[in-house]
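The values are calculated or read from the model by the stated rules, or taken from the named source; none is laboratory data. It should be emphasised that the depicted structure is a prediction, and the values quoted were computed from it without experimental measurement. Here the Cβ positions follow ideal geometry from the backbone for every residue, glycine too, while neighbour counts run over all protein chains shown.
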Amino acid sequence: MDGFKFDASDFLKKIASGSGGVNGKVKAAVGIYCDSSGKKMEGYAKNNAKWKDRTGNARQTIKGGFKWEDKNKCSAFVAGNMNYSPYLELAHAKGTSSDDEVGMEVAPSFSQLELANEGKYAILRPTVRKLTPEFISGMANLLK
């Protein structure tokens with residue numbers, strides 16, 4: 001995936017049976033929930049991005065979804081997919097995030113950017129931060 005990924009897997013605890021496997025129905029439900037959480041983050045980020053569109057590409061290519069980290073751990077994510085997305089998120093910092101719960105990945109070519117920065121046009125990390133409590137609550141209800 002180009003750009004960066006926000007991994008909100010901390011709220012998706014391992015849900016294993018006694019033998020270490022995940023019940024198929026529970027796994028399917030968790031996958032669907034993670035995917036819908038990723039899609040919700042995508043919609044929120046697109047609707048709340050602070051920059052003024054020039055081409056619209058940065059906003060249109062924001063994608064949310066999910067992936068299985070291993071057989072028992074699912075992650076929801078939102079990503080900016082333009083070559084300049086990391087600059088929108090991290091450059092012209094208005095402050096530093098102390099948020100260790102929201103993971104971020106950038107391509108090696110952007111390693112000079114400080115990943116802890118909260119850029120002037122940041123939307124991905126704030127989206128994850130805002131929606132995570134809702135996702136935790138929903139996941140807890142799902143697993144009851």
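Condition check: modelled with pLDDT under 75 and closer than 20 Å to Phe135 by Cβ. Does Leu12 satisfy that?
Yes, satisfied.
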Next on the checklist: Going by what's in this entry, would Ser19 be described as farther than 20 Å from Lys120 by Cα and at pLDDT 80 or above?
Outcome noted: no
